[in-house]
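The values are calculated or read from the model by the stated rules, or taken from the named source; none is laboratory data. Everything numeric here is computed off the predicted structure, so don't read it as measured data. So basically every Cβ, Gly included, is an ideal-geometry build from the backbone, and we count neighbours across all protein chains shown. For the accessible areas, the whole protein counts, side chains as well, though only heavy atoms, and no ligand, DNA or RNA atoms are used. Shrake-Rupley method; radii C 1.70, N 1.55, O 1.52, S 1.80 Å.
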Amino acid sequence: MKLQMMTWLEVEDYLKTSHGIIVPVGSTEQHGPIGLIGTDAFCAEEIAEAAAEQVSAITAPTLALTPAPFNMDFPGTLSLSEGLFENLVGEILEGLRHHGFTSIYFLNAHGANLAPLKAVARNSSAANIRIRSWWDFDEVNDLRNGLYGSWEGMHATPSEVAITQAARRIVPSHPLAETPPEPLPDGFLQAHSGDRHGPPAEHRASFPDGRVGADSALAKPVHGTQLLKTAAQAVAEDYRRFLETGGDTAA
């Protein structure tokens, strides 16, 4: 259940039997010609809520304003500095711990969030913390690869667009999306993991329609339903293990 949909009395009762909470973390940034600006936040939120339902957990409000400076030359993108984001997450952790949530599971959907989230986790001593991205699980990646192969790409991927098509909104086709983008060169994904991209103008010049090696046009709502179900089940199982064994704060 969503924390913001509960009363304080319901939260108090929950904390008598569990001290865990799932925190969805996304972004507010462009996702190509047919991807919603809120794609990452929506993916994290939808998967977290579906997983939480399976394990009777609470989900915190989605963190949707996060670092995305490389996409600031695309209209609509909003970006926080890493330092501000770290401080924000740190204060949210303090609030959760104050109320008795001591097992914090971050479900991430945006590569640039990982470094600041891990920095906060390393500096935390009063909570068990686990950080997982929804694509971290073998069964999820097997499905992504089976559906899209190398056209999954890196950004504005058909898998994330498919999830938003199934859960939120289908954007009409656009001429920019009808032609596949340039394939990514060998080693690009590894060299740019964690969204290590260049300055905004340089990034837009390299990827003028916002897609980074991803053919978003391959996305279908039926794929999104499959991906959402598979990812939610994987997260639910990982969350159960987390509560049983503790966190991986230094990850």
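Summary of values
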item: Under 15 Å, Cβ to Cβ, from residue 217 - net charge with Lys/Arg +1 and Asp/Glu -1; result: -4
item: Residues residue 4 and residue 202, FRET efficiency given R0 of 35 Å [Cβ-Cβ distance, rounded to 0.05]; result: 0.35
item: Extension gain from residue 123 to residue 190, taking 0.36 nm per residue of separation minus the Cα-Cα distance; result: 21.5 nm
item: Under DSSP loop assignment and at most 12 Cβ neighbours within 10 Å, longest trypsin sites (Lys or Arg not before Pro)-free interval of the chain; result: 17-168
item: Percent carbon-and-sulfur accessible area, the chain, ignoring ligands, DNA and RNA, probe 1.4 Å; result: 54 percent
item: Within-13-Å neighbourhood charge of residue 145 [Cβ basis; K, R +1; D, E -1]; result: -3
item: Kyte-Doolittle mean at least 0.0 and Cα axial length at least 18 Å: DSSP H helices in the chain; result: 39-55
item: Charge dipole (the chain, unit charges on Cβ, about Cα centre) - positive-most of 89, 141, 55; result: 55
item: Within the chain, helix-based [θ] at 222 nm, where runs of 4 or more DSSP H residues each add -39,500 (n - 2.57), nearest 500; result: -13500 deg cm²/dmol
item: The chain - accessible surface per residue (Å², probe 1.4 Å); result: 46 Å²
item: Region 163-216 shape via C-alpha gyration tensor axes, a/c threshold 1.5; result: prolate
item: Separation of alpha-carbon centers, region 41-66 and region 100-150, rounded to whole Å; result: 12 Å
